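**Q** A single structure is presented below for examination.
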Amino acid sequence: MNFSIDESIRTLKAEILAQDWRLPPRRIEPLEASFACLKQRFNTRKHTLAILGMAEAVIQYLKKRETVPDPLFIDFLKEAMAHVVNIYEEGKFDPEREAILCNRIYGRFNILKEKIKAEKGGSGASAPAEVSATVKKEVLPEETSSAPPAAAPPENPLPEPVREPAPEPSSEPPPEASPPPPPLEAPPKAAIKTGSTLVREYNPKPGTLFQPFSLSGMPMAVAVEHIALLEKVKPARRRSYIKNNLVPLKDFTSFWGRLAGRFQGALKEMGSVRLRKMSLPLMVPHGVGLPLGPEEGADHLLVITAGNWHGTIICSVSEPANLMLSRFQVGRNGDIAGLGIMDDDSSVPLLNPGTLLEREGFLALR
């Protein structure tokens, strides 16, 4: 089965949006053909190639299981494919962004491996293929080596992603590479699309409620409709989140209450059982003047969501009261969409959840 680039992207999009959590052979075969085509397309871009390799390794693992796949594996697969589709449709070579995505995907790949390792008496999975000692270096280059160390014990049934050696990417796209074709469908111009694809345009309407917060003393605000949870976080947990770059949602459960009841929007609809298994990435908004990393002394965790995309921010909250938008002035600065003039005549930079979640968030379809 040989696919063109367009057919491969369509196959990945269809699988990302599929609501059937099973993965029978009739759906695995087109994915394998699509990955083979895309690996040729990105054979000089090691980070994107590594993401494809990890997704392919998960598919090979799922092929050997006879039961319905664990949602964690399907979430990982859908997220990895969504990143590849976004990279392709953007049509530009951004090695720094691809390295960040590779780093995050690699960390979650290791989480899946640890989960398999921890399962006792599991069946339906065979021993992994042989893996060379250089796999970690190939999958996770030096500049992204802050991810959790790879664990590949012989009993782990999830194979490492192995690829053929490829030339190092340069700062410029290879001269022989022709620009990719335009997206199959023009992106919608709405503020944020509810689904697996986010858009960069952001134009909040007057009357929208915003929650103010700050990053290292810089004031910002995010629309209340995109807040799934705003929680005060203890210093020990904050340090753990920053160290691991992940926030386990099970930390927010209580003895008596259901975990889903703590959240708003799409996360609430997923149910407590699934939420306890999920970990969301710790995100850092980009922009001139914004801090380069999470604030060590911040005391709140902000969980934001847009459609099927979710992520967290460590921040400070000094004004719990919501502000109502009176007027919006476009002024793009990284993940800052512009300046919001509020009904009390104050002004505050407004966060665009779409650009931030598209770059650093986690895709989890309901």
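No value in this document is a laboratory result; all are computed from the given coordinates. As the structure is a prediction and not an experimental result, all values here were calculated from the model. For neighbour counting, all protein chains shown are included, and Cβ atoms are generated from backbone atoms with ideal geometry for every residue, glycine included.
**Q** Calculated FRET efficiency, K63 and A321, Cβ-Cβ r, R0 51 Å, to nearest 0.05? Write out the running numbers ahead of the final one.
**A** Numbers: r = 53 Å, r/R0 = 1.04.
It comes out at approximately 0.45.
**Q** I want to check the label-to-label distance for K115 and R258. Put each point 7 Å from Cα in the C-beta direction and report it in nm to one decimal.
**A** So the two model labels end up 2.2 nm from each other.
**Q** Here is a further query. If you average over every viewing direction, what projected area does the convex hull of the Cα atoms of the range 209-363 give, in nm²?
**A** Details: hull surface 35.4 nm².
The orientation-averaged projected area of the Cα hull of the range 209-363 comes to 8.8 nm².
**Q** Separate question: Mind ranking 86-95, 276-285 by how tightly packed they are, going by the mean number of other C-beta atoms within 10 angstrom, highest first?
**A** Averaged packing, sorted descending, gives the order 276-285, 86-95.
**Q** Residues of the range 279-319 with amide nitrogen under 13 Å from the 7 Å Cα-to-Cβ point of E90?
**A** In the range 279-319, the label zone of E90 (backbone N under 13 Å from the point 7 Å along Cα→Cβ) covers 286.
**Q** Quick check: the distance between the Cα centres of the range 300-320 and the range 206-262, to the nearest angstrom?
**A** So the separation of the two Cα centres works out to 4 Å.
**Q** If I take R0 = 22 Å and measure r between the Cβ atoms of S216 and S347 in this structure, what FRET efficiency does the formula 1/(1 + (r/R0)^6) give, to the nearest 0.05?
**A** Working: r = 19 Å, r/R0 = 0.87.
According to the calculation, E is roughly 0.70.
**Q** Can you tell me the order of 351-363, 98-110 when each peptide is scored by its average per-residue count of other Cβ atoms within 10 angstrom, highest first?
**A** Values: 351-363: 24.9, 98-110: 22.0.
Taking the mean over residues of other Cβ atoms within 10 Å, the ranking is 351-363, 98-110.
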